[in-house]
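Values quoted throughout were computed directly from the atomic coordinates according to the rules given, and no laboratory measurement underlies them. Nothing here was measured: the structure is a model prediction, and the numbers come from that model. Please note: Cβ atoms are built from the backbone with ideal geometry, for glycine as well, and neighbour counts cover all protein chains shown.
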Amino acid sequence: MVVDLSAHAASFAGATRSRTGQRLPGPSSAPALLDQLEADFARFDGHPDTAAAFAAAGVRARGLAEAAGGGDDALRSAALAYAADALTGLKLERALPQSTVGEMVSTVASAIGCSTEAASLDLFLRAASNPRLLELPPLTAVELQLSLLLALAPVSDVSLWTGGPLGEAECVVHVGEAQPTRRVRHIARATFAGESSGGVSERGWIHSVPVKRWQQPYAALVVRARPDCRARALTFIEEAAALLAPVLERDMLLQRNAERERALVESGERRLLRLGYDLHDGPIQDLVALAGDVRLAHTQVAEHVDGRARTVVAGRLEDLNAQIVELDRTLRELAQSLEPTSVLDRSLADVLRREVDCFEARTNMRVTLDVSGDLDSMTASQRIALYRIVQEGLSNVREHSGANEVRIRVHGSVHGTEAQIVDDGRGFEVAKTLIRAAKRGRLGLVGMGERVRLLGGNFDVDSRPGGPTTVSLRLPHWQPVAAAEAPEPALV
């Protein structure tokens, strides 16, 4: 829901009065409105990490204004969209003082000729429903929405509660001055029961509204505000609850998808683990027996064959024994790499470094490994999938590329984990190669893409005859909303 300021076009056309009766400045001249607002907002920018967000906000605002006909009302609506996008971009990158948010609201209100109360509500509704929130992990999106509510609404504390497995109320996100009290917990619990909840404490008025799923309370949004701001604060939190509902629904879908993904990955890993045991107990033991037979044959040749023939046969047997030793080492490395615990018990950087060292020992290729950022937040399934993809990628490079150098880059951030495997080999035509490989039952690249898809990520192969070849993937950062921890409520 967005406040339709265009419905008040008559009052915008002239001067507007605030609740106190003071005359507010009329709107800026329509053609220059967006330019002026961008110039005014420049003082809130100045950081490289937010410059792109401000630029994108300006482009989107001009597109909206043009699509709406370019009139005064269209420009006012576009100006609000620009301010909301800029505010969201700033909130995503760093904490904003309340004074800065207040200046932004006053700037917008002055530019379009409305009260700061109307500007605050419209900015909240637009910013809290910004499409960029869909790109964020649900927990991050919820925290951003609640911080916007705290910054723009007349409230001092905001908390989001969900029902625990035993029916108790659990605080999953809190923003504000004071930690949630037991009274706040009681009010949240009453909301789950469908009761009208609220009350007045020494710190202000407390009210809770349900966040509904299928018309039933799924979570409770609890705020604290001054009693004289009750009606306005209630409007804000009711709108906030409606905006939180799809984010929490997406979180539930992600949790269900994660459960299915874990089941699939665990099933695949069990099969790989069984394969590792089968390799150790079957072919590797047969290879050990074969090595013993070769050594016995070498001894018998020395006893029963004379002259030059003994030298030739013994040399061939020594070569055969060396090949058996190398094959035994390779199979044992393969059997060990099939154990998922080897990936989970050590840091991902160490596991990848070991894989790269083994690869370099078996080939003449140089491998550069660059691991950076936060990888600790990756789930077990993501770690295993990334490791398997690097394994398969290096195997493809060794078998097919004819490359001299390979570069592997893995970077973790708040948005997810990105990885690239680049080789300077001969390259190939991606579409034809994938189709041909699938028909022959060679599903290396296809399997890599399927692993990433099951985890909700993106996978891409970029190559051409003559090279280079780049395998890239992105796994989203995900943490369920319910995983957030909140301090124990105070007594009062």
>> Within 13 Å, Cβ to Cβ, of F459, how many net charges do the neighbouring residues add up to if Lys/Arg are +1 and Asp/Glu are -1?
In response: -1
>> How would the range 341-406 be classified by its alpha-carbon gyration tensor: rounded, prolate or oblate, with rounded meaning a/c under 1.5 and the a/b versus b/c comparison settling the rest?
In response: prolate
> Per residue and in Å³, how big is the convex hull formed by the alpha-carbon atoms of the range 82-181?
Replying inline: 104 Å³
> Summing +1 for each Lys or Arg and -1 for each Asp or Glu, what net charge is found among the other residues whose Cβ lies under 12 Å from the Cβ of R407?
Replying inline: -2
> Percent antiparallel among DSSP beta bridges with both residues in the range 341-442, to the nearest 5?
Replying inline: 50 percent
> How about the range 65-110: which trypsin sites (Lys or Arg not before Pro) there lie in a loop by DSSP and see at most 13 other Cβ atoms within 10 Å?
Replying inline: R94
> For the range 50-117, rounded, prolate or oblate, judged on the Cα gyration tensor with a ≥ b ≥ c (square roots of eigenvalues), a/c < 1.5 rounded, else prolate if a/b > b/c?
Replying inline: oblate
> How do 100-111, 317-328, 396-407 rank on mean C-beta neighbours within 10 Å, highest first?
Replying inline: 100-111, 396-407, 317-328
> Shape call for the range 359-473 from the C-alpha gyration tensor, a ≥ b ≥ c root eigenvalues: rounded (a/c under 1.5), prolate (a/b greater than b/c) or oblate?
Replying inline: oblate
